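Engineer: Sharing a structure, written as structure tokens. Questions coming.
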Amino acid sequence: MTDDIKARMIAFLPRLRRFAFALTRNMDVADDLVQDTCERALARLDQWEPGTSLESWMYRIAQNLWLDRKRSEKSRGVPAELDEAMEFEGTDGRQVTDSRLTLAAVSAGIERLPPDQQVLIALVCVEGLSYKEAAASLGVPIGTVMSRLSRARQALYQFLASDQPVAGGELRERVHGSRS
Amino acid sequence: MDHVPNDILMAFVDGELSDEQRTWLEARLARDPDLRSRLEPFAVTRATLPLIFDQPAREPVPQHLIALIQNGGRSATAATRSDRVVERGTGSVPSRHRPLTTEADQSGWFDRLFGGFALAPALGYAAVLLVGAGVGWIGASTLGGGDGDIVRYESGGLVASRGLLEALDQKPSGEALSADGRLITVTASFRSGDGRICRQYQVTAQAAPSFAGYACRNADGLWRVAMHTEAVSVATRDVAYGGDSGEARIVSPAVDAAVSGTMSGEPMAVGEEQELLRKRWSH
């Protein structure tokens, strides 16, 4: 493997970690995901087509590892996030203010979304990928990206604008939580 | 009037509309407050999520991850998942406006966009607060009582006041101009996709709403305001310690999104901007 590719991967690590953090909402779990992603990318480097975006390819590996993990949690009976997002009522003109926009509240809101919508939030809102790039990453048409992402962001916003309590101590636990 | 689907409003905020679509929607938004309020879920999520999840940007990359790549995938060091070695000095996360290759100068654009947004770096997990969130849009209907003397709506376009024109014409980014009891600050200069020079700005005043926008210089040498909206005051505070010591910053998600969509390449470096100011923007 050339040093050039290694250098690109290392330069990409800060963004890959942010992506993983947006998916897992826990820095330790995020770094495990990043490590697994790098190991897989390095082991399967022959599957990456030079000339295409190395970064997009690595986002895709991370996202697929995470989605696989979510599926296996579900099949093992770990309480999955239900598709609750659609249950929220309208916001009655309430606006998102002050304490709702914390890591804890946003994390709680994102966790209620279906996993593929969580991936879209992380790819587009956090990482700033275009719809086209996100569509390629998930292997779905752009129209699907737009409708899912728009639903996800409205549901997240409505959750943040609602009066759903978020435990105050949750934040530290989320960030520094011990892995089980 | 036709119903504007949420997908289109979201694409506007994300800078994914074509110039033609954007112009059309801007005209609709300028006269439809209900439509403007529907931008909010998209603008808030677009502007705040990168900040909410920016912890990895504020700390160095764990050394074991770097070593893993350097060793071609074999964990050759003693560092394991439970025994992490963290060292200083690995890059931080570039903002989405900046490609990976230019890390050396990465603080400038992000800082300009978010007004030097500081998320209590030493203390850890700052929260972003949107105070009185609401992405306002200054159109014909709302100009009268509010910010009408900075930008007014005239024959289908937004027209800049003398003070704003002076700031756009003469002030380097970051230097405030005082006019009509307000501070006008250009926050960044950039080139649009169609080659015009554009400048993003903010307007603040004591005990009055803040505004943000951007203007582009047409071929005839006149600045034309492309967007001017009520901005959001963003404060930072350290949630883990329950404090509330942050100071407010001006953020306008809709303007940031529109600028991202309009900008071609990178925002101008200080030197280039100085040169253009000196030459009165003739390029």
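Engineer: So which of A:Phe19, A:Phe12 is closer than 17 Å to B:Gln63 by Cα and out of contact with any Pro (no Cβ under 6 Å at 6 or more places or on another chain)?
Structural biologist: So the residue among A:Phe19, A:Phe12 that is closer than 17 Å to B:Gln63 by Cα and out of contact with any Pro (no Cβ under 6 Å at 6 or more places or on another chain) is A:Phe12.
Engineer: Another question, then. Considering each of A:Ser56, A:Ser72 in turn, give the residue that is surrounded by fewer than 22 Cβ atoms within 10 Å (Cβ to Cβ) and either more than 18 Å from A:Ile5 (Cα to Cα) or within 10 Å of chain B (Cβ to nearest Cβ) (or both).
Structural biologist: After ruling out the rest, the residue left standing is A:Ser72.
Engineer: State the number of residues belonging to region B:160-172 that are surrounded by 20 or more Cβ atoms within 10 Å (Cβ to Cβ) and either over 11 Å from B:Ala215 (Cβ atoms) or of a type in the set (D, E, K, R) (or both).
Structural biologist: 1
Engineer: Identify all residues within region A:29-40 that are within 8 Å of chain B (Cβ to nearest Cβ) and farther than 17 Å from A:Ala122 by Cβ; write none if there are none.
Structural biologist: Passing the criteria: A:Gln35, A:Cys38, A:Glu39.
Engineer: Name the pairs: first residue in region B:252-280 and over 18 Å from B:Asp194 (Cα atoms) and surrounded by fewer than 22 Cβ atoms within 10 Å (Cβ to Cβ), second residue acidic (Asp, Glu) and at pLDDT below 90, Cβ to Cβ under 9 Å, at least 6 apart or on different chains?
Structural biologist: Once the first residue is over 18 Å from B:Asp194 (Cα atoms) and surrounded by fewer than 22 Cβ atoms within 10 Å (Cβ to Cβ) and sits in region B:252-280, its partners that are acidic (Asp, Glu) and at pLDDT below 90 give B:Ala269/B:Asp105.
Engineer: Look through B:Arg88, B:Arg112, B:Arg96, B:Arg74 and report the one residue that is part of a loop (DSSP other than H, G, I, E, B), more than 30 Å from A:Gln158 (Cβ to Cβ), at pLDDT below 50 and not acidic (Asp, Glu).
Structural biologist: B:Arg88
Engineer: Something else: Please state which of the following conditions B:Leu39 fails to meet, knowing it meets all the rest: (1) of a type in the set (A, V, I, L, M); (2) within 20 Å of the chain's Cα centre (by Cα); (3) at the interface with chain A (Cβ under 9 Å from one of its Cβ atoms).
Structural biologist: Among (1) of a type in the set (A, V, I, L, M); (2) within 20 Å of the chain's Cα centre (by Cα); (3) at the interface with chain A (Cβ under 9 Å from one of its Cβ atoms), the lone unmet condition for B:Leu39 is (3).
Engineer: Restricting attention to region A:4-62, which residues are among the basic types (Lys, Arg) and within 14 Å of the chain's Cα centre (by Cα)?
Structural biologist: Within region A:4-62, A:Arg15, A:Arg17, A:Arg18, A:Arg25, A:Arg60 meet the criteria.
Engineer: Follow-up. Find the residue count for region A:106-125, including only residues that are touching a residue at least 60 places away in the same chain (Cβ under 8 Å), crowded, with 24+ Cβ neighbours inside 10 Å and more than 19 Å from A:Ser147 (Cβ to Cβ).
Structural biologist: 0
The values are calculated or read from the model by the stated rules, or taken from the named source; none is laboratory data. This is a predicted model, so every value here is computed, not measured. Ideal geometry is used to build each Cβ from the backbone, glycine not excepted, and the neighbour counts take in all protein chains shown.
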